[in-house]
Each structure stands twice: as C-alpha cells, then as structure tokens.
Amino acid sequence: VQLVESGGGLVQAGGSLRLSCAASGRTFSTYIMGWFRQAPGKEREFVAHITRSGGSSYYADSVKGRFTISRDNAKNMVYLQMNSLKPEDTAVYYCVADFSLHRIKVLTTPSYWGQGTQVTVSS
C-alpha cells in the first residue's frame with residue numbers, strides 16, 4: 001500500500017489542523033491505520049491508530065482529548081483532526097499502515113509509511 005499525507009502547515013497555538021492520508025490499493029479496509037510523528041532531534045513516536053472498521057481507536061497520552069483519528073474505507077482515506085494544538089505538537093506527521101496491531105502499537109515499526117507532512121505550531 002502507498003500512503004500520501006496532506007494538510008500540514010503553520011498554525012498558532014490553540015488552533016486546529018486536519019491531516020489527510022490517501023492510500024492506494026483495493027485492500028485498504030484490511031489494514032490497521034495510524035499516525036506517528038517525529039519532532040526535531042527526537043525519535044519517532046506513536047500518535048494514534050484506528051481499527052480496520054473504524055470502530056475503535058487509541059491515542060498517545062500526549063494527544064488524548066485533543067486529536068481524533070478517523071477513516072473512510074470507501075474513499076481509502078485516513079484523517080487526523082488536531083485541535084488545541086501546542087508548540088510541542090510541532091513535528092513531521094506520518095501516516096502508517098500494517099496488518100498487525102502489535103507492530104504499530106507495541107513495536108512501533110509499522111510496515112508502511114507515507115512521506116510525512118510538516119506541522120508547525122507557533123507560540
């Protein structure tokens with residue numbers, strides 16, 4: 001599967017952004033989807049994931065209550081709605097996909113990655 005992110009940009013603290021991820025292929029609904037991020041000088045970290053049907057999702061503590069992940073299997077799209085943004089949310093955000101929840105949530109090494117989209121939150 002190929003993943004292409006969009007929607008990043010510059011926003012003031014307290015603002016909102018919505019990231020989108022377009023996935024190729026006819027088997028999109030068989031993948032668990034997620035988002036990771038990498039801030040300058042830091043390791044990549046898990047942000048959120050969503051199950052194949054979209055019925056369940058899970059978030060890192062740092063974004064819980066502020067970010068919402070969703071998917072549209074008919075359109076092969078995944079979204080990350082980011083509200084109440086903070087300067088510490090500044091990072092490159094990556095869309096990821098895998099058949100294995102273990103690889104996404106525990107190993108944090110999903111099989112498929114997009115190229116990333118930059119999110120910058122100014123104070």
*Amide H to amide H, which residues 5 or more places from residue 98 or on other chains are under 5 Å from it, using H placed in the peptide plane?*
32
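Keeping every protein chain present and rolling a 1.4 Å probe, give me the accessible area per residue for the chain in Å².
About 50 Å² of surface per residue is accessible.
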*Evaluate the relative contact order of the chain (contact order divided by residue number), counting alpha-carbon pairs under 8 angstrom at least 6 apart; express in whole percent.*
35
*Among all the lysines, which ones have a C-alpha under 22 Å from residue 64's C-alpha, if same-chain residues fewer than 8 places away are not counted?*
42, 86, 105
*Put 33, 77 in order of accessible area, largest first, 1.4 Å probe: what do you get?*
77, 33
*asked:* Test of understanding: in a Gaussian network model of the chain with alpha carbons linked when under 10 Å, which of 17, 107, 85 would top the mean-square fluctuation ranking?
replied: 107
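Run the accessible area of the chain with a 1.4 Å probe and give the carbon-and-sulfur part as a rounded percent.
Numbers: 3030 of 6180 Å².
The C+S portion of the solvent-accessible surface of the chain is 49 percent.
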*Once phi is turned into ³J(HN,Hα) by the Karplus curve 6.51 cos²θ - 1.76 cosθ + 1.60 with θ = phi - 60°, what whole-Hz value does each residue of segment 103-117 show in order, with x for glycine and proline?*
5, 6, 8, 9, 7, 6, 10, x, 6, 10, 10, x, 7, x, 9
*Rank these residues by their accessible area, most exposed first, probe 1.4 Å: 49, 102.*
102, 49
*For segment 1-79, which trypsin sites (Lys or Arg not before Pro) are in a loop by DSSP, counting at most 14 other Cβ atoms within 10 Å?*
26, 42, 64, 75
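The values are calculated or read from the model by the stated rules, or taken from the named source; none is laboratory data. Given the structure is predicted, the values throughout are model-derived calculations rather than measurements. We place every Cβ from the backbone using ideal geometry, glycine too, and count neighbours over all the protein chains shown. Surface accessibility is based on the protein's heavy atoms, side chains included, excluding ligands, DNA and RNA. Shrake-Rupley method; radii C 1.70, N 1.55, O 1.52, S 1.80 Å.
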